[in-house]
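Participant: Sharing a structure here in structure tokens format.
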Amino acid sequence: MSKLPVASPVPKKPVPSAKPEAIRPTKKQKELLGFIEGFIATHGYSPSYREIMHGLGYTSVATVALHINSLIKRGHLHKREHSARSLEPAKPSVKASAPVVPVKQLKAAEEKWLVDKVELFFKEAEEARVLGERELDRLYVLIGALKVLGLAGAAQSFSTRLGALKRRTKDNQYAV
């Protein structure tokens, strides 16, 4: 038997290295990115993991770290090694060329009245035995109105309470 010559493999052309496209963030990750961008816009520096945890209503710093690491791997966030408060979005969602919407100006008395009204709605919701989707939606709208009117601090504090209400509602759905 004669041996047939074995064909040598055809050399493959090197594929030019393409920059991997960033995977779209999940809903929770978008919420986290938005919080970080808003915090930086308000304070001028990045939030700590604990501030993110409180701001988004998470119960663990480890959850924050998990989401942040995932966003870094997906290319949505950058973080300097061994540096506190160094988170920054890879592509800020607010473009520099976008027109800036002027913040609505409220008088101190109007601000107090509005925050008191929102507080009243939250107290009613927190005292309610059963909280429906409609009530949660109404609270979301109120928080959005506070943000639009330039009351980001108040909106942030109510966001934390809304997170607790959402968890309570979710826990009640699964109670037997």
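Participant: Which shape class, rounded, prolate or oblate, goes with the stretch 24-94 when its Cα gyration tensor gives a ≥ b ≥ c as root eigenvalues, a/c under 1.5 marks rounded, and past that a/b bigger than b/c marks prolate?
Facilitator: Cα axes put the stretch 24-94 in the rounded bin.
Participant: With an 8 Å Cα cut-off and a minimum separation of 6 or more residues, compute the relative contact order for the stretch 24-94 in percent.
Facilitator: 32 percent
Coordinate-derived values only; no laboratory data. No experiment lies behind these values; they were computed from the predicted model shown.
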